[in-house]
Amino acid sequence: MPRPIRAFIDLFALRHNFSVARRHAGSARLWAVVKANAYGHGLERTVRALHDLADGFALIELERAIALREAGLTKPLLMLEGCYAASDVPLFIRHRLIPVIHRREQLDWLLASRWPAELPVYLKLNTGMNRLGFDTAALLNAKSALAGRHIDCVLMTHFADADGPRGIDWQLERFRVMTSGMSEPTSLGNSATILRYPESVGDWARPGIMLYGGSPFPQAKSAAELELRPVMTLQSEIVAVQGLAAGESIGYGCTFVADRPMRVGIVACGYADGYPRHAVTGTSILVAGQRTRTLGRVSMDKLCVDLTDLPPEVGAGVPVTLWGEGLPADEVATAAGTISYELFCALAPRVPVMEIG
Ligand SMILES: *Cc1c(COP(=O)(O)O)cnc(C)c1O
């Protein structure tokens, strides 16, 4: 018997979530963001499931993009960090990869190549995120260099607080000032922008987390309220049951101490599977479909759950849902002081994946 842990990837839910993005984004075209192995969901299966829906796919990893091309994918591919060295440029050309250009050197590599006129580039503007992108002067220089070569560009920026109190208006205003008089298409919005500011996503929106069923702002609106369905469900089983007397502790560090006699289940899932070690005692978990809580520290291969108030037949062999169908990943992420993105991306290679759909 293999260890009972597995992740289910629901491709119907993925396609449903894409249609939610489509509905919000109106006439904008959509890059399905599939970086980081499609946020842990598996790049190839995600691309396959969204192939007839998405206008293109956006990612970071050059070798994965090349693999998609070698497998026959002809859709547009956008490389969100562009080239890292001049030697990448021939690969971008050969595989028709659209680069995001965010600093002058990347542009110079491209201008020194036989860049084909039909392959556009994205110019990234820094409007306040202050990670990547051109300022106004550098943008003007870049644009005129491209115009001399008849290479089309799309003007892109990224919002720092589309999910938070500061919103996007301040960055949109800077974008408008920086690009005044320019008529190129734009690419502005991630999931939070698509859901909160659907009129400001630009011509090409870039949904990521919402496709996978995570809310970009779970404290304000749950995934269910946004009509998003979980795509990844992480399941395991109870592999042992312990009876604790009052005063007994459980797990490393003895951080949880029973204040009464308790029944505790040991689940075959730990941080080496991708479950967050920082999930606190009390994190929600489903045992045999019923909500209960984790107890004590998460260890590498195991975690502990409270069975005290569950029926006595709930014991070894009973299924446990760590997150997904019936238990939003956002809830677990919040209990661990993180975001669903990190849980999904951290799904460990040792967890077998099963597709639904
Ligand atoms: C990852 C990424 C996105 C997707 O963001 P979500 O919050 O997951 O929707 C969009 N644009 C860029 C540039 C990104 O790097």
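One table, with the values for the structure above:
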read-out	value
For Phe134, net neighbour charge (Lys/Arg +1, Asp/Glu -1) across residues whose Cβ lies under 13 Å away	+4
Distance between the range 79-153 and the range 328-355 - C-alpha centres, whole angstrom	34
Relative exposure of Glu248, Glu63, judged by other C-beta atoms within 10 Å (fewest first)	Glu63, Glu248
Net charge, Arg260 excluded, C-beta distance under 13 Å - Lys, Arg +1, Asp, Glu -1	-3
FRET efficiency, 1/(1 + (r/R0)^6) with R0 25 Å, evaluated for Glu118 and Ser27 via beta carbons	0.60
Length-normalised contact order for the range 11-212 - Cα pairs under 8 Å, 6+ apart - percent	23
In nm, spacing of pseudo-spin labels at Arg293 and Thr338 (7 Å Cα→C-beta vector)	2.2
Taking N as its residue count, the alpha carbon Rg of the range 232-356 over 2.2 N^0.38 Å	0.99
Kirkwood hydrodynamic radius (C-alpha pairs) into Stokes-Einstein, the range 87-236, 4 °C and 1.567 mPa s, D in µm²/s	77
Sequence ranges 64-75, 28-39, ranked by mean other-Cβ count within 10 angstrom, highest first	28-39, 64-75
Gain on full stretching of the segment that runs from Ile60 to Glu199 - 0.36 nm per residue minus C-alpha separation	47.4 nm
Whole-Hz couplings from phi, Karplus 6.51/-1.76/1.60, listed for the range 73-83; x for Gly and Pro	5, 10, 4, x, 10, 10, 9, 5, 10, x, 8
Ranking of Phe256, Phe57, Phe12 by count of other Cβ atoms within 10 Å, fewest first	Phe12, Phe256, Phe57
Hz values of 3J(HN,Hα) by residue in the range 16-30 - Karplus curve (6.51, -1.76, 1.60), Gly and Pro given as x	4, 5, 4, 5, 5, 4, 4, 4, 5, 7, x, 8, 5, 7, 10
Bridge type composition, the chain - antiparallel percent by DSSP, nearest 5	55
Spacing of the two label points (7 Å from each Cα toward its C-beta) at Glu44 and Gln242, in nm	4.1
Given charges at Cβ of Lys, Arg, Asp, Glu: the chain dipole, positive-most of Met354, Leu211, Tyr84	Tyr84
Per DSSP, loop trypsin sites (Lys or Arg not before Pro) in the range 110-186 with at most 13 further Cβ within 10 Å	Arg114, Arg131, Arg149, Arg166
Over the range 232-356, relative contact order from alpha-carbon pairs under 8 Å, at least 6 apart, %	30
Residue order, fewest to most beta carbons within 10 Å, for Asp161, Asp135	Asp135, Asp161
Listed residues Pro311, His24, Ala145: farthest to the positive end of the dipole of the chain (Cβ charges)	Ala145
Principal axes of the range 39-162: Cα extent on each, largest first, Å	42, 38, 24
22 Å Cα-Cα reach of Lys75 towards lysines, excluding residues that sit fewer than 8 places from it in its own chain	Lys35, Lys124
Coordinate range along principal axes, alpha carbons of the chain, Å, largest first	78, 42, 36
Angle between the chain longest axis and helix 136-148 axis [Cα atoms, degrees, rounded to 10]	60
Karplus (6.51, -1.76, 1.60) ³J(HN,Hα), θ = phi - 60°, over the range 215-225, in Hz, Gly and Pro reported as x	7, x, 9, x, 6, 8, 8, 6, 4, 4, 5
MRE, 222 nm, helices only [DSSP H, n ≥ 4, -39500 (n - 2.57), over the chain, to nearest 500]	-7000 deg cm²/dmol
Around Gly324: net Lys/Arg minus Asp/Glu count, Cβ-Cβ under 14 Å	-3
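Read the figures in this text as sums done on the coordinates, not as results from a lab. Keep in mind that this is a model prediction, so the values were computed, not measured. Cβ atoms come from the backbone with ideal geometry, glycine included; neighbour counts cover every protein chain shown.
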